[in-house]
Structures are given as C-alpha cells and as structure tokens.
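Participant: This is the structure I have questions about; it appears just below.
The values are calculated or read from the model by the stated rules, or taken from the named source; none is laboratory data. All of these numbers come straight from a predicted model, not from anything done at the bench. FYI the Cβ positions are ideal-geometry reconstructions off the backbone, even for glycines, and counts take in every protein chain you see. Ligands, DNA and RNA are excluded from the accessible area calculation, which covers all protein heavy atoms including side chains. Shrake-Rupley method; radii C 1.70, N 1.55, O 1.52, S 1.80 Å.
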Amino acid sequence: MSELELNVHEFGELRNLIFRKCGIYMDDSKLLFLKRRVIQRVEDLGLSSISDYIKFLKIFDKKGIEIQKLINLITINETYFFREFDQLRIFGETCLPEIAEKKRKIRILSAGSSTGEEPYTLSIIGLEMLPKGFDFEIYGIDIDMTAIEKAKAGIYDARAVKDVPKAYLERYFEKLPEGFLIKDAPRKRVKFIHLNLKNGRGLMELGQFDFIFCRNVLMYFPMENRRQIVENFYFILNTGGYIFLGASEFLSRITQAFTMKKIEGVHVYMKPEG
C-alpha cells in the first residue's frame, strides 16, 4: 500500500470533496500531506487504490461518515497545555482582570479546540486568576468529532502536560496509570461542541463572548471564508472583548474592524466601541 500514488487529478477531486464538506481548502502544497492521510484510510477500508477510495466517497458515503474521518485526519494539530505561554500570560494577568472588573460572568470561546488542551488551560487560568467564586464558562468547538470525544474524556499523556507548572499539575490533574486526568474543577467550566467555524448560525446560537481564542485555525480556510468567520466573530464578541490568534497570524490582513493592541510584545485584538 505504501506505493500508492495520489495524482494531480485525484488530489483535485479529493480537495473539492473536502472543501464542499467543511470549507477547508487544501492548496497544491498539501498534496503529499493529503496523500499520507488518504493512504491510511485506503488501508483501513481494505481498498486497492486511491481511485477506488474516491469512488467510495462519491457513491457509498451517503451519510458523510467516511469524509468526516478523512477530515479528522487532516485537521489534527499539535497541541499541549499552556502552549504559547506569553499569550496566555497576557490573557491571565492583563486582559482577564480588565474584563472581570466590568462583568459578573465571563464567557470564553476556544475555536478549534482540538483534544481540549487549550480550553482546559484557559479554565485553569480562570480558576487561578479570577476572584474565588467568579462565574465563567468556556466553550470548545471543533470540526473533529474524534477530538471532541477525547477532550470530553480528559485524559492526557505526559507530553501534553509537559509545560504545566508543577503546582497546577498537582492541583488540577489526577495521575492515572493511563495518563493525567483533568479534575472536576476545571472540567466543569468547559463545554465541548462539534461545530464547523463556517456554520455562522451555529456560532450565533452560542451567544456572546468576552474572549475568542482561534489560534492557528484560520489558515485552513481560503481568504473568503476567513473573512466570513472573522465577521461572525465580530458579531459574537462583546464590545471591549479580545481575540487571540496564533503568534504568526494577523487580523489586519483580513479586516480592519478590530483594534490591534501590543501588550509586552504580544499582539491581541480588541473589539472597539462603536
């Protein structure tokens, strides 16, 4: 099976199927990346060629179960607790207290929450930095149902928790033979939902948020879809609220609707008044 090839025509067909399903666009540079994922699915299904796999998707995958499995494979991100710590420090020490002074409850969206490390990290920061008893909730959304189920299980290997401060590891995790289990205190603050960022109505139904984390996710979408997603973020973000992107991502390339602030070298975006 390792000798299977993905030709340009087949790549184009798969790219179109993926785009129609979820809005993710794979440019030509992703051919080898997609090939490895497709071969894995060909082997799992016992098919003889990538061409047969495409036929399977078109003819037999009426409920979209198989194309979702392929999408799950191509959207796997490297993630771990307290990733991009400088951003999280600015969030916890500066932005979070600022919003808390004006609110009785804070709502946070983790868009592209993957297997849960980011929203649980935000929950730990909230428990540490907000006054005791302060009300806050976090929604983690992702297109990958497998990742959502793993996030709900809340068990992580040693690599995922390698950057968790020792005091937090002892306070918020339980060591099990199979890994580290996130405890109830941070877990009960987080709700996970299977949702595509392209689903504007689904986003709106989640309500208003004070913070949106969308780190290293927008790059999966073509520019037109990025603009629509960011526009939806604008409508669900409260005035004065903040958006955090990946360290190499910039909202200014997509829209001028947000105000960029540089706090101790970290770029964050705020929804301004008016």
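Participant: Show the residue pairs meeting these rules: Cβ distance below 9 Å; 6+ apart or different chains; first residue within segment 158-169 and touching a residue at least 12 places away in the same chain (Cβ under 8 Å) and within 11 Å of T79 (Cα to Cα); second residue of a type in the set (G, A, S) and surrounded by 14 or more Cβ atoms within 10 Å (Cβ to Cβ).
Facilitator: Sorted first by the residue in segment 158-169, then by its partner, the pairs are A160/G179; V161/G179.
Participant: Taking segment 131-163 as the search range and keeping residues that are open to solvent by less than 50 Å² (accessible area, probe 1.4 Å) and either aliphatic (A, V, I, L, M) or touching a Cys at 6+ places or on another chain (Cβ under 9 Å) (or both), which one is farthest from I65 (Cα to Cα)?
Facilitator: Going through the qualifying residues, I end up with V161.
Participant: Here's a follow-up. Whether any residue in segment 203-216 is small (G, A, S), out of contact with any Pro (no Cβ under 7 Å at 6 or more places or on another chain) and at pLDDT 95 or above is what I want to check.
Facilitator: Yes, some residue in segment 203-216 is small (G, A, S), out of contact with any Pro (no Cβ under 7 Å at 6 or more places or on another chain) and at pLDDT 95 or above.
Participant: Further question: Any residue that is charged (D, E, K, R) and farther than 23 Å from F221 by Cβ - is there at least one of those in segment 75-88?
Facilitator: Within segment 75-88, one or more residues are charged (D, E, K, R) and farther than 23 Å from F221 by Cβ.
Participant: Determine which single condition M260 fails, assuming it passes every other condition in (1) open to solvent by less than 40 Å² (accessible area, probe 1.4 Å); (2) over 23 Å from L130 (Cα atoms); (3) not charged (D, E, K, R).
Facilitator: It is condition (1) that M260 fails.
Participant: Can I ask one more? I'm checking my understanding of the structure. Among residues of segment 81-130 that are among the β-branched types (V, I, T) and under 14 Å from the mean Cα position of the chain (by Cα), which one is most open to solvent (accessible area, probe 1.4 Å)? Break it down into steps so the answer makes sense when it comes.
Facilitator: If we filter segment 81-130 for residues that are among the β-branched types (V, I, T), which is where we start, we get 90, 94, 99, 106, 108, 115, 121, 124-125.
Then drop every residue that is not under 14 Å from the mean Cα position of the chain (by Cα), which leaves 108, 115, 121.
Working: I108: 4, T115: 23, T121: 3 Å².
Checking each candidate, the answer is T115.
Participant: Just checking, how many residues over segment 219-232 are under 14 Å from the mean Cα position of the chain (by Cα) and open to solvent by less than 10 Å² (accessible area, probe 1.4 Å)?
Facilitator: So the answer is 1.
Participant: Any residue at all in segment 65-72 that's under 25 Å from H194 (Cα atoms) and open to solvent by 50 Å² or more (accessible area, probe 1.4 Å)?
Facilitator: Scanning segment 65-72, I find at least one residue that is under 25 Å from H194 (Cα atoms) and open to solvent by 50 Å² or more (accessible area, probe 1.4 Å), so the answer is yes.
Participant: In segment 39-64, which residues are open to solvent by less than 80 Å² (accessible area, probe 1.4 Å), without any contact (Cβ under 8 Å) to a residue 24 or more places away in the chain and within 27 Å of the chain's Cα centre (by Cα)?
Facilitator: Across segment 39-64, the qualifying residue is only D61.
Participant: Which of the numbered conditions does K21 fail, given that it passes all the others? Conditions: (1) assigned to a loop (DSSP other than H, G, I, E, B); (2) in contact with a helix residue (DSSP H, G or I) (Cβ under 8 Å, 6 or more places away or on another chain).
Facilitator: K21 satisfies every listed condition except (1).
Participant: Name every residue in segment 167-179 that is more than 24 Å from F136 (Cα to Cα) and not aliphatic (A, V, I, L, M), in order of residue number.
Facilitator: As a first pass, look at segment 167-179 and keep what is more than 24 Å from F136 (Cα to Cα): 175-179.
Within segment 167-179, K175, P177, E178, G179 qualify.
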